[in-house]
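S.K.: Sharing a structure, written as structure tokens. Questions coming.
The values are calculated or read from the model by the stated rules, or taken from the named source; none is laboratory data. No experiment lies behind these values; they were computed from the predicted model shown. Cβ atoms come from the backbone with ideal geometry, glycine included; neighbour counts cover every protein chain shown.
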Amino acid sequence: MNGGRPGFNEFNQTDYFNKRWPGWVSRAKEYFTEDINALVAEHRGETEIPFTRRPGRLFKIGVYPSGSNFGEGNDTKYGDKAETYWEKWASLGAFAFEIDGPISVSNSQWNVDMTVGDISGFSEDGLGYTITHIPERHFFRARWHLTGAAQ
């Protein structure tokens, strides 16, 4: 599923995230599953439910490395080790788990994808692009298929 986000390519680092960030992956799945179960219960009979901002609930779950311009960070909150210097500054940095696309529902069973998206390069109207000529590119680093049943 690509949730209707044109221009996003797959980078397929799901195994990396499962091994490197097991605490965060598990927590994000739990959080979104709880939230989606409540949404499906509220929208009984609907076959497609948009995942939208709700009061008191997170739309994205952000992970921020300690140090740098992120302050204390939260990358170790669920038992994962802190990002290395290379991860923090070159290969990953901050990232967020989010739901990709509407929630599909059939007979109270739901499914949707959870992703970690990223952007590389620079916006064409920014200084970074003027210097490097590297265009902005959107992609998914990882994807998990979530399923559940309304309570």
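S.K.: Kindly list, by first and then second residue, each pair from a residue in segment 46-69 that is over 20 Å from S91 (Cβ atoms) to a residue that is modelled with pLDDT under 70 and in a loop (DSSP other than H, G, I, E, B), limited to pairs with Cβ atoms under 8 Å and residues at least 6 apart or on different chains.
M.R.: Cβ pairs passing all conditions: F59/R53.
S.K.: Might you let me know whether segment 38-48 holds any residue that is farther than 16 Å from G79 by Cα, surrounded by 17 or more Cβ atoms within 10 Å (Cβ to Cβ) and at pLDDT 85 or above?
M.R.: Filtering segment 38-48 for residues farther than 16 Å from G79 by Cα gives 38-48.
Subset that is surrounded by 17 or more Cβ atoms within 10 Å (Cβ to Cβ): 39-40.
From what's left, at pLDDT 85 or above: 39-40.
Yes, segment 38-48 has at least one match.
S.K.: Just checking, does segment 103-117 include any residue being at pLDDT 85 or above, at negative phi and assigned to a loop (DSSP other than H, G, I, E, B)?
M.R.: no
S.K.: Quick check on segment 60-83: of everything there that is modelled with pLDDT of 75 or more and hydrophobic (A, V, I, L, M, F, W, C), which residue is surrounded by the fewest Cβ atoms within 10 Å (Cβ to Cβ)?
M.R.: Result: A82.
S.K.: Being surrounded by 14 or more Cβ atoms within 10 Å (Cβ to Cβ), modelled with pLDDT under 75, assigned to a loop (DSSP other than H, G, I, E, B) and of a type outside the set (S, T, Y), is that true of even one residue in segment 126-137?
M.R.: Step one: filter segment 126-137 for residues surrounded by 14 or more Cβ atoms within 10 Å (Cβ to Cβ), giving 129, 136.
The next check asks that each one be modelled with pLDDT under 75; those that pass are 129, 136.
The next check asks that each one be assigned to a loop (DSSP other than H, G, I, E, B); those that pass are 136.
This time we only want the ones that are of a type outside the set (S, T, Y), so: 136.
There is at least one residue in segment 126-137 that is surrounded by 14 or more Cβ atoms within 10 Å (Cβ to Cβ), modelled with pLDDT under 75, assigned to a loop (DSSP other than H, G, I, E, B) and of a type outside the set (S, T, Y).
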